[in-house]
Every structure is written in structure tokens, then in C-alpha cells.
Amino acid sequence: MSPDMPGIQRITASLLRTKPVEQLTSEGEHTALRRSMGLIPLIALSVGATLGTGIFVVLGEAAPLAGPAVVVSFVIAALAALFSALSYAELASAVPVSGSAYSYTYATLGEVVAWVCGWCLLLEYGVSVAAVAVGWGAYLNEFLGSTIGWRIPDVLAQPPGEGGVINLPAAIVVLLATAVLLGGIRESSRVTTVTTVIKIAVLVFFVAVAVTAFNSSNLHPFAPEGVSGIGAAASMVFFSFIGFDAASTAGEEAKNPQRDLPRAIIISLGIVTLMYVLVALTAVGAVGVDDVSSSGASLATVLDQVTGRGWPATILAGGAVIAIASVVLTVLYGQTRILVAMSRDGLMPAVLSRVGRTRVPTVNTLIVGGVVAVLSALVPLGELVNATNIGTLVSFGLVNIGVLVLRRTKPDLPRSFRTLVPLVPVIGVAMCVWLLIHLPGVTWLAFTAWSAVGLLVYFGYGRRRSGLNRGAATETAAPEAGS
């Protein structure tokens, strides 16, 4: 940046300064994190972060909005996720580092946009972990009730405003996941792989049982609230698909990130979409929308009604306890790795990127686990889901735009995966905007407040301490010192 540049121009240039892809890649190659994850663990990480509360709990929240057409809502949300996933896959193959959409945006759209994206990701990951943990508590109570005949009292199992004082199970599962993450990435990935296999088996079991009671009359009227209801439900269930980008946060812990990250993202999204559509269709077809919506542990309730026996619901509730806990683990992992990238760039305190003896960011993990545990204990599920969705949709839209920019600025950059440009990114942006429009006004107000706080933090702390900003200041001072 020239020292002779006018003040306004200089400030604008500093805000829009991009971090060179070569520098990002070099930092990723010389990471202190351990490269130990192959394709299967990456798929398990992505599926593990995605397949959980979205179908076990949010189905019951979204079904009243769209009626039986909630199945269409899942398909629309899947398509929106697919176009963004294809853009993620290209950028993951070109910029294989930790940080996910934040790092991709830094390389394409500039520092202030990257900060906004990173701030959105903090909202997406942190709040989604809390939402998942809240859903875990509902299935834990279902499992305890059907096995030992005792449930955790509402005062200790529900947040304020929903009949309780604190959601203790939600806080506990977050703290347990934090402890597993502190043990190291190899141990964490093994736990994730095992629990992912269990949750797929449990959902296949649910579909096999529910389909025996399928009645097409339960699908009529199919869309009682019309397109607006389908859109509102799609905006809510989009929460169910956000985990696939967790694989892209493992760019510095994958053995062959350029080859395996794109594959993991696309394969995992395919698995998740198939499971969601089958589960939603068989659940609504078996008992109808009203019964699907009658309980926080909606799928266990469906099996209870279909079979008239307790053991199928018990199996499902037990599997859900394991499955949803694995989502907490994997999404919490993604949150910590994004903070590592932001810290390394100087936009967050340096302590957040320091790696301990188990080759994980210890202080970072402890802080994130503590904050998320408090959120999950005190905030209701519905509010958490909408807050997660808006942060996710904004960051996904930025990733789609980033693909277009990087194709223009770095057309010869090696990419092991190329999406169809400009069609895929443009459709991806359009679908994100469409889903954003259907989110409630109160969610937009909360997001605006969150963004305002983020910009205050950036201009008060991040911008001055940015690695690129310090580098520019050194370059500017050098000629002056020599003159």
C-alpha cells in the first residue's frame, strides 16, 4: 500500500486487502496441528456434524409450518446446501487450510468481509452446538424414562421460559465433548467415526419400522400453508445441513486435503440428504404431522405410536443420545479450528491458536466449551436454530461469491475439484437469499446486533492487530527509515 495514497483510499484498501493464497497454503503446510485424517474420518466428521438434531428434533419444530410438505422443505434446503457445498469443495481443494469459509473469504473478498464471515461462523458453530445439546437433553430424558422409569425434572432439564431454570443435560454433553477434544484429534476422529456409524444404523432402523405403518392419507392436505409454509420450514430445517462444512475446517489435519476434502464434503451431503428425506417421509406418513410435532423427541414418539411397544422407541432414543452427542463433538471441533485461523491472522488473541502437548488448541477449546455450555443451558431450542441459520446462510453466500472472485483473480491456481462457474455459485447465492427472506424479523434483529458487535470488535481490536496490517505498516516504515 503506497504511503502517498489518500487517507480514505488507504483505509478502504486496508479493509479490502486479501491474504495471498500462497501464504495461506504455506501456513497450512507448516501447521503445528497433526495430519492424521484420511477420507473416511473426514466423511465421518462431516456426516457426524450434520446428522443429528436437525432430523431427531427440528423435524418436529418444522412440520407444523409446512405440513406433510416438510419433505419438500428438506429437499429445498438440501439443494441450497448442495450448491454451496460444490463451491466449498472447489475452495477446499484450492485453499486447504483451517478456517473454512473465513479463510476462503480472506483469500478472495478482503479482510473486513472475512471478519464478518468469521463472526458469522462463530455464531453458526457456537449457537448450533448449543441447539444440538438442547435436543440431546430431550432424547436423554426419553431414554431414561423408558429404561429406568425416571426422568430429569423440568427444572433441571429445560431452559428459562420453557418451564425450567437450567438445561443441565445440555451443559453436561458440551463439557464431555470438550474433554474428548482435549484428548487429541486422532482420538476424537475415532469416536466420531464409531458414533456416525451408530446414528446411521439407528435412522435406518427407524425408517424400516415406520414404513410398516405408512398411510398415504397422512400426507393430505400436502401443503396446507402453501409456498410460504414450505419456505418457512425450509429456512428452519436448513439448520439440519450446516455440518458438512466442518470437514473444510480440518484442512490442516487431513493427510491429503486437496483430494479428500472435496470428496468428503460431497459424499457426506449425499448421505445426509438421503437419510433426511427418508426419515421425514416415513415419519409423517406413519403418524401424521400433529403427532410428529407433539414431542421434543419426535422420532421416538413416532416409533412408540407405530409399534405400541416401548423397546423400539428405547433403541431410537439410546441411539439418538449417542448420535447427537457426536454432533456436539464435531461442531465444537469446527468452532475451535476457525478461531485458530482467526487468531493466527491476528484478528483474535494469539492464545487461541497456541497448541498444547496433545497437539490441540487447549485454551481455545476450554473457552469455547465453557461459553457454549452456558448458552445451551439457558437458551431455548427455537431461538438457537434461527440464529444458527442466519449466520450459516450469510457465510455460505460469501463462499459462493468467493468462488467467482478466485476464478477471476487466480484462474491458474491448481484445483483438484472445479464446479460449474458461474451457474453453481450464482444459484447458491440466490437460494441462500431466498431462505434468508423467510427467517423471522426477530432473528434479523438479533443478527444485526451480533454483526454490530462484531464490527466494533474488529475496528477496536482486530484491524490494528491484523497480521496483514502490521506487515503493511512495516513496509511503509521501511522506505521512510531509509530516506
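For the stretch 108-138, what are the residues that are part of a helix (DSSP H, G or I) and open to solvent by 10 Å² or more (accessible area, probe 1.4 Å)?
Across the stretch 108-138, the qualifying residues are Thr108, Val112, Val113, Val116, Trp119, Leu122, Leu123, Val127, Val134, Trp136, Ala138.
Criterion first (open to solvent by 10 Å² or more (accessible area, probe 1.4 Å), of a type in the set (A, V, I, L, M) and touching a Gly at 6+ places or on another chain (Cβ under 7 Å)) does Ala92 satisfy it?
Here the answer is no, as Ala92 does not meet what is asked.
Hey, could you check the stretch 430-445 for residues that are touching a Gly at 6+ places or on another chain (Cβ under 8 Å) and crowded, with 21+ Cβ neighbours inside 10 Å and say which is nearest to Glu22 (Cα to Cα)?
It comes out as Cys432.
For residues that are at pLDDT 80 or above and in a helix (DSSP H, G or I), tally how many sit in the stretch 241-256.
1
Name the single residue, out of those in the stretch 228-263 being among the small types (Gly, Ala, Ser) and under 15 Å from the mean Cα position of the chain (by Cα), that is farthest from Val340 (Cα to Cα).
Ranking the candidates gives Ser235 first.
Taking only pairs six or more apart or across chains, which ones have beta-carbon atoms under 9 Å, a first residue in the stretch 394-411 that is within 17 Å of Ala80 (Cα to Cα), and a second residue that is buried (at least 17 other Cβ atoms within 10 Å of the Cβ) and acidic (Asp, Glu)?
Partner pairs satisfying both residue conditions: Val394/Glu124; Ser395/Glu124; Ser395/Asp245; Phe396/Asp245; Val399/Asp245; Val403/Glu90.
Report every pair of residues separated by at least 6 positions or lying on different chains whose Cβ atoms are under 6 Å apart, first residue within the stretch 137-162 and without any contact (Cβ under 8 Å) to a residue 12 or more places away in the chain, second among the acidic types (Asp, Glu) and assigned to a helix (DSSP H, G or I).
The qualifying pairs do not exist here.
What about Val371, is it crowded, with 19+ Cβ neighbours inside 10 Å, in contact (Cβ under 8 Å) with a residue 60 or more places away in the chain and among the β-branched types (Val, Ile, Thr)?
Considered against the rule, which asks whether it is crowded, with 19+ Cβ neighbours inside 10 Å, in contact (Cβ under 8 Å) with a residue 60 or more places away in the chain and among the β-branched types (Val, Ile, Thr), Val371 comes out as no.
Contact list please: Cβ distance under 7 Å, first residue in the stretch 351-363 and outside any helix (DSSP H, G or I), second residue modelled with pLDDT under 85 and open to solvent by 50 Å² or more (accessible area, probe 1.4 Å), pairs at least six apart or on different chains.
These pairs meet every condition: Val355/Ala32; Arg359/Ala32; Arg359/Arg34.
Just to be sure, is Pro160 surrounded by fewer than 21 Cβ atoms within 10 Å (Cβ to Cβ) and either of a type outside the set (Ser, Thr, Tyr) or more than 26 Å from Gly310 (Cα to Cα) (or both)?
Taking the combined requirement at face value, the residue satisfies it.
Would you tally the residues in the stretch 264-274 being over 14 Å from the mean Cα position of the chain (by Cα) and small (Gly, Ala, Ser)?
Residues flagged as over 14 Å from the mean Cα position of the chain (by Cα) and small (Gly, Ala, Ser) within the stretch 264-274 amount to 2.
Collect the residues in the stretch 222-231 that are assigned to a helix (DSSP H, G or I) and open to solvent by 70 Å² or more (accessible area, probe 1.4 Å), keeping them in residue-number order.
Passing the criteria: Val227, Ser228.
Residue by residue, here is whether (1) within 16 Å of Ile322 (Cβ to Cβ); (2) open to solvent by 30 Å² or more (accessible area, probe 1.4 Å) holds:
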position: Val197; (1), (2): yes, yes
position: Val211; (1), (2): no, yes
position: His220; (1), (2): no, yes
position: Ala246; (1), (2): no, no
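Quick check on the stretch 232-240. Is at least one of its residues open to solvent by 10 Å² or more (accessible area, probe 1.4 Å) and either modelled with pLDDT of 85 or more or among the hydroxyl-bearing types (Ser, Thr, Tyr) (or both)?
Yes.
(1) of a type in the set (Gly, Ala, Ser); (2) at positive phi; (3) modelled with pLDDT of 85 or more: which one isn't true of Gly161, the others all being true?
The failed condition is (3).
The values are calculated or read from the model by the stated rules, or taken from the named source; none is laboratory data. The shown structure was predicted, so the numbers you read here are calculated from the model rather than taken from an experiment. Glycine gets a Cβ as well: all are built from the backbone with ideal geometry, and neighbour counts include every protein chain shown. Side chains are part of the model used for accessible areas, which takes the heavy atoms of the whole protein and leaves out ligands, DNA and RNA. Shrake-Rupley method; radii C 1.70, N 1.55, O 1.52, S 1.80 Å.
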